[in-house]
Amino acid sequence: MGLRTPQQYIDSIRDDRTVFYRGEQVADVTTHPIIKKAVHHAALDFEMTEDPEYRELAVVKEGGDEYSRYFKIPASTDDLLKRSQLIEAATALGKTLVVLVKEIGTDALFALHRVSRQVDQKYETDYLRRVQAFYKHCRDNDLALSVAQTDVKGDRSAGPQNQPHPDYYTRIVERRADGIVVRGAKIHTSCTTNVNELIVLPTRAMSEADKDYALAFAIPVNTPGVKLVASPYGGSPKSEFDAPLSADRKMMETITIFDDVFVPWDRVFMAGEHDFAAAIALGFVEYHRFTAVSYKLPLVDALIGSALLMADMNGIAKAAHVRDKMIWLISYAETLRALTEMAAIRGTGDADGIFAPDALTTNMAKYHFAHHYHEALQHVQDIAGGMLVTGPGVEDFANPETGDLLRKYLGGRAGIDGEVRTRAMNMVSDLTTGDFGGYHAVLAIHAEGSLEAEKLMISRAYDSRRTLAYAKKLAGIQE
Ligand SMILES: Cc1cc2nc3c(=O)[nH]c(=O)nc-3n(C[C@H](O)[C@H](O)[C@H](O)COP(=O)(O)OP(=O)(O)OC[C@H]3O[C@@H](n4cnc5c(N)ncnc54)[C@H](O)[C@@H]3O)c2cc1C
């Protein structure tokens, strides 16, 4: 058992994985000009375990052994809160961008632990033993993980069986004595280019007819037949001055194609038990939405800080409409923080004592964040002004003919010159506009499930009996 250094992590992803970027196969993801930014960003998780400031939060000590806290199977509210704090701290170091190379994978592992026991009890399978062995492999080797859950899905109104072709959902095409052969494609898979293992989960409930689609497994990313087509979104070169948040860091998403991939049985965690597909899908999502609301906290803090900074520099901090917008932003962010903590406090354990955050509160937190995100952007952009998208470049400040003129004319209140104000403006611009701001905005609405998925879970998780009984009592209606 051992923690890895950042360099050991980087060395471990130099293998013969099949990655395409803008039509070309990538020979080495750690040196590719764009993907290496994602590698650098992911290395943060490994740097934190070595950093005295974060070590206590980032590392769990059990007996003489140490491992990354991400792998700690939650057994209490305190475990959930510490996990949330670690995710928040890592994202803050990542300049509002979640690191995710252990967060999402452990969300899946916790859910697989909880559901596999139930599957084994009904079908006399031995999935839990396989999940436990895989979990130990990941924890003891400090591995980086991705989760491919979202299928390409084709016609959204139809299930796997009724699609224009049979491969819109990932499926088993052959069962062999030593394992299964899998075909299909998942989309939006984060970090796949630069992790060690890929966990695959079902994305929805499945019927008896969908048995071959009720599928969960894990494989190394360099398994033959796995083809990763990386998205070039946000991949244009940027300077530190123009884009202080995103110039040197990034997450990669891929379309993850399983071109008849062989998976040995000891890595298969569901193969046909369709009546548990929803339990795995939702079990993962509940942990993952808690991860989401935890990693949104530095983002909403950055929005408040940006509004404060620009209001001050623009000399409008005391204006009535600005105070009104600040109060809105503070309430927005602090409601998210309170709900996130409450999701852990209301968390409960299953028969084995594995804790999960409260589903109702987690979904309320995620829905609150996502539903109001664009309004938050509107307030920050309103306070900052149009220079978010019209300012000069770093070269113009360096040019002796224009530099001093820009310092003079682009300044704000007394003491704020044009270069300082442009730096602040560029940070807010990177956060709220352009490809990084746009990435955050779409991430807010879609990642970890769409708004409608969260609403569905709120209505499912809310127990209406208490309030209905109270209304009847108020009305004098006897049961
Ligand atoms: C940046 C980013 C990173 C992500 N990372 C990962 C990852 O690492 N792993 C992973 O597995 N997934 C990941 N996701 C996927 C994310 O969970 C999905 O985007 C989300 O579930 C929505 O799916 P979709 O994008 O296919 O949109 P769609 O499902 O097509 O949604 C579009 C619209 O259609 C509606 N809709 C869909 N189905 C129906 C229906 N049957 N009836 C009525 N309306 C419907 C939705 O409510 C929504 O309004 C990521 C997404 C993003 C944006």
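The values are calculated or read from the model by the stated rules, or taken from the named source; none is laboratory data. Being a predicted model, the structure only gives us computed values, none of them experimental. Backbone-built Cβ (ideal geometry, glycine too); neighbour counts: all protein chains shown. Only protein heavy atoms, including side chains, enter the accessible area calculation; ligands, DNA and RNA are left aside. Shrake-Rupley method; radii C 1.70, N 1.55, O 1.52, S 1.80 Å.
Of the Cα atoms belonging to the stretch 56-184, the radius of gyration and Dmax stand at 18.2, 55 Å. Taking packing as the residue-averaged number of other Cβ atoms within 10 angstrom, the listed peptides 226-239, 89-102 run from highest to lowest as 89-102, 226-239.
Given the peptides 333-343, 137-147, 191-201, arrange them by the average over their residues of other C-beta atoms within 10 Å, most packed first.
Details: 333-343: 19.7, 137-147: 21.6, 191-201: 26.8.
In decreasing order of mean packing, 333-343, 137-147, 191-201 become 191-201, 137-147, 333-343.
Counting only heavy atoms of the protein chains and using a 1.4 Å probe, Asp382 has close to 80 Å² of accessible surface. Heavy-atom accessible area with a 1.4 Å probe sorts Ile257, Ile34, largest first, into Ile257, Ile34. Distances between every pair of Cα atoms in the chain, grouped in 20 Å steps from 0 to the bin holding the largest one, split as 22, 53, 21, 3, 0 percent. Ellipsoid fit via the Cα gyration tensor, the stretch 6-277: semi-axes of 30, 24, 16 Å, each the root of five times an eigenvalue, largest first. For the stretch 141-226, trypsin sites (Lys or Arg not before Pro) are listed when DSSP marks them as loop and at most 13 other Cβ atoms sit within 10 Å of their Cβ; the list is Arg156, Arg176. Partners of Lys238 within straight-line reach, counting lysines whose Cα lies under 25 Å from its Cα and excluding those fewer than 8 residues away in the same chain: Lys36, Lys37, Lys95, Lys250, Lys296.
What ranking, highest mean first, results for peptides 450-458, 293-301 when packing means the other Cβ atoms within 10 Å averaged over each residue?
Values: 450-458: 15.4, 293-301: 24.7.
So the order, starting with the most tightly packed, is 293-301, 450-458.
Classify the stretch 218-344 from the C-alpha gyration tensor, please: rounded if a/c falls under 1.5, else prolate or oblate depending on whether a/b exceeds b/c. In terms of gyration-tensor shape, oblate. Distant-in-sequence amide contacts of Met252, defined by a placed amide H-H separation under 5 Å and a gap of 5 or more residues or a different chain, comprise Cys191. Rounded to the nearest 20, the size of the Cβ-charge dipole of the stretch 296-474 about its Cα centre is 980 debye, with Lys and Arg at +1 and Asp and Glu at -1.
Cut-off under 17 Å on the C-alpha distance; same-chain residues fewer than 8 positions from Lys408 excluded. Which aspartates and glutamates are left, in chain and number order? Partners found: Glu395, Asp396, Asp417, Glu419. Charge dipole of the chain (Cα centre as origin; +1 on each Lys and Arg Cβ, -1 on each Asp and Glu Cβ, all else neutral): 1020 debye, rounded to the nearest 20.
With K and R counted +1 and D and E -1, the other residues having a Cβ less than 10 Å from that of Val226 yield a net charge of +1. Shape verdict for the stretch 296-474, please, from the Cα gyration tensor: rounded (a/c under 1.5), prolate (a/b greater than b/c) or oblate. Prolate.
Going by accessible surface with a 1.4 Å probe and the largest first, Glu419, Glu62 read Glu62, Glu419. Counting only Cβ charges, +1 for Lys and Arg and -1 for Asp and Glu, the dipole size of the stretch 6-277 around its Cα centre is about 460 debye. As a length-normalised measure over Cα pairs under 8 Å and 6 or more apart, the relative contact order of the chain settles at 16 percent. Bridgeable aspartates and glutamates around Lys186 (alpha carbons under 16 Å apart, same-chain partners fewer than 8 residues away excluded): Asp151, Asp155, Asp167, Glu197, Asp212, Glu253, Asp259, Asp260, Glu448.
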